[in-house]
1. Check the stretch 369-380 and report whether any residue there is under 15 Å from HIS186 (Cα atoms), surrounded by 15 or more Cβ atoms within 10 Å (Cβ to Cβ) and either of a type in the set (Asp, Glu) or at pLDDT 90 or above (or both).
2. Go through (1) under 20 Å from GLU232 (Cα atoms); (2) touching a helix residue (DSSP H, G or I) at 6+ places or on another chain (Cβ under 9 Å); (3) not polar (S, T, N, Q) and name the single condition GLY258 misses.
3. Being outside any helix (DSSP H, G or I), of a type outside the set (Val, Ile, Thr) and modelled with pLDDT of 50 or more: is that true of SER92 here?
4. Can you name the condition, by its number, that SER300 falls short on among (1) crowded, with 22+ Cβ neighbours inside 10 Å; (2) touching a Gly at 6+ places or on another chain (Cβ under 7 Å)?
5. Go through the stretch 233-247 residue by residue and tally those that are assigned to a loop (DSSP other than H, G, I, E, B), within 14 Å of GLY263 (Cα to Cα) and touching a residue at least 24 places away in the same chain (Cβ under 8 Å).
6. If you take the residues of the stretch 332-345 that are of a type outside the set (A, V, I, L, M, F, W, C) and buried (at least 20 other Cβ atoms within 10 Å of the Cβ), which of them is modelled with the highest pLDDT?
7. Does at least one position in the stretch 185-192 carry a residue that is touching an Asp or Glu at 6+ places or on another chain (Cβ under 6 Å) and modelled with pLDDT under 90?
8. For the condition more than 24 Å from GLN400 (Cα to Cα) and either touching a Pro at 6+ places or on another chain (Cβ under 7 Å) or not acidic (Asp, Glu) (or both), what is the one hit in GLN275, GLN328, GLN318, GLN361?
Amino acid sequence: MGRRRQFGPRRIPYHVSAAVLASKASWMEAISCFQQSGVALTSDVMPYTLSRHSACCQCKILRCNADYVAATLNLRGSNKDAAYCNALRSYSHCTRKTARTCRGDLVYHSAVHGIEDLMIQHNCSKEGPTSPPRPRLPAPNHQGFESLDICNYEKSFLYKHGQPPTYQHCAAFGDPHVRTFQDEFHTCRVEGSWPLLDNNYLFVQATSYLVAKSSNATATGKLTIIFKNMKECIDQKVYQAEIDNLPAAFEDGSVNGGERPGGSSLTIQEHAPGQHVEIRAAYIGTIIAVRQAGRQLSFSIRAAEEVARSFTEEQDLQLCVGGCPPSQRISRSECRHTGIATETARLLCKEKLPVEDVYFQSCVFDVVTSGDANFTLAAHGALEDAKMFHPDAEKLHIFQTGAGCCLISLPFLLVIITSNLLAIQLCF
């Protein structure tokens, strides 16, 4: 007791009293460390086990010390005294479990005596609740990184939350037609550049042009995708596609996220030259598909819900989030024919889209409006992406009544009206 009084009678906070000193050499070394850090030692300082301690491999006192330090590191609030006593009881229990293998170990015996002193000082009973066990981190993998890899979103999320992440799906194709993260479906006349996504991790912009002078319909002719800088994983990468130019690399010519340790968590792969490219961003749990069908580009994404929602109020204009602004929406029932009749378009679309859902309706609208039968591939590709990306198979198909093109084309309707008028005249 005489030795401890030389440091003064004042107590220090719990996180400082977590120090556990061992032998005389360790004791002096610890004093030096505390002095260099500007922390004054008091009577609460107990024997501290340094990481350099070379105890027998069977003696688990180092683990006991580490658990105690972790349990008392950030004690706050009105119940900190009770929590501190819980930590001391856990510490005492741990030393008793390893007592047989620690006989003769000076560090172990110093810890036992230090625990007794602290329990007396803080009026802690020997019997009572203990601190919950400290979770053990996974051992490092063969690559030298912990299994909790911050550049693998799925693994990181599973480790933190005990369950896999949830995902959302958005797509823009054809006219363009937009399927939002909330499974709303709009057909838009958005000419010019509009953001599909604008959050903390991604920026996606679609640039559209008029399909025909006689129509309000537009189609996407250019896509710009920016993967924002994430210093632990990737450099900022930009992908840009235009009609007849669907590259299988980022703008800088690379096919991954760069030279950083997590650079391989962003990759680009060509599935069909000039027609289908897939970009995988494992560090944010995201997959993007870019396609060209006819004279249009389409975009599909499966994004982690947490990533899709990571935006501010200033980033509220996102077609994938809010859909097309009401002033930019058009009805798919208002088809303007440019060479292909509605009945013909329906037959063409039926070959690839047997279910008459919004994808089928969009297909008919695009073929009739553009006069290009290749637009059947746009709707079909979007549906195939939805099958892969949408988290809920039961919500794959969306049905909207009265949203398709009129079943009777205008020329055919005129024939019927003329025939009826002739019949009426004959009757009289």
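The values are calculated or read from the model by the stated rules, or taken from the named source; none is laboratory data. This one's a predicted model, so the numbers in the text were calculated from it and none came from an experiment. All Cβ positions, even for glycine, are placed from backbone atoms using ideal geometry, and neighbour counts span all protein chains on display.
1. yes
2. (2)
3. It is false that SER92 is outside any helix (DSSP H, G or I), of a type outside the set (Val, Ile, Thr) and modelled with pLDDT of 50 or more.
4. For SER300, the failing item is (2).
5. Residues in the stretch 233-247 being assigned to a loop (DSSP other than H, G, I, E, B), within 14 Å of GLY263 (Cα to Cα) and touching a residue at least 24 places away in the same chain (Cβ under 8 Å): 2 in total.
6. Residue satisfying both the conditions and the ranking: THR342.
7. No, every residue in the stretch 185-192 fails to be touching an Asp or Glu at 6+ places or on another chain (Cβ under 6 Å) and modelled with pLDDT under 90.
8. Details: GLN328 fails: more than 24 Å from GLN400 (Cα to Cα); GLN318 fails: more than 24 Å from GLN400 (Cα to Cα); GLN361 fails: more than 24 Å from GLN400 (Cα to Cα).
The match here is GLN275.
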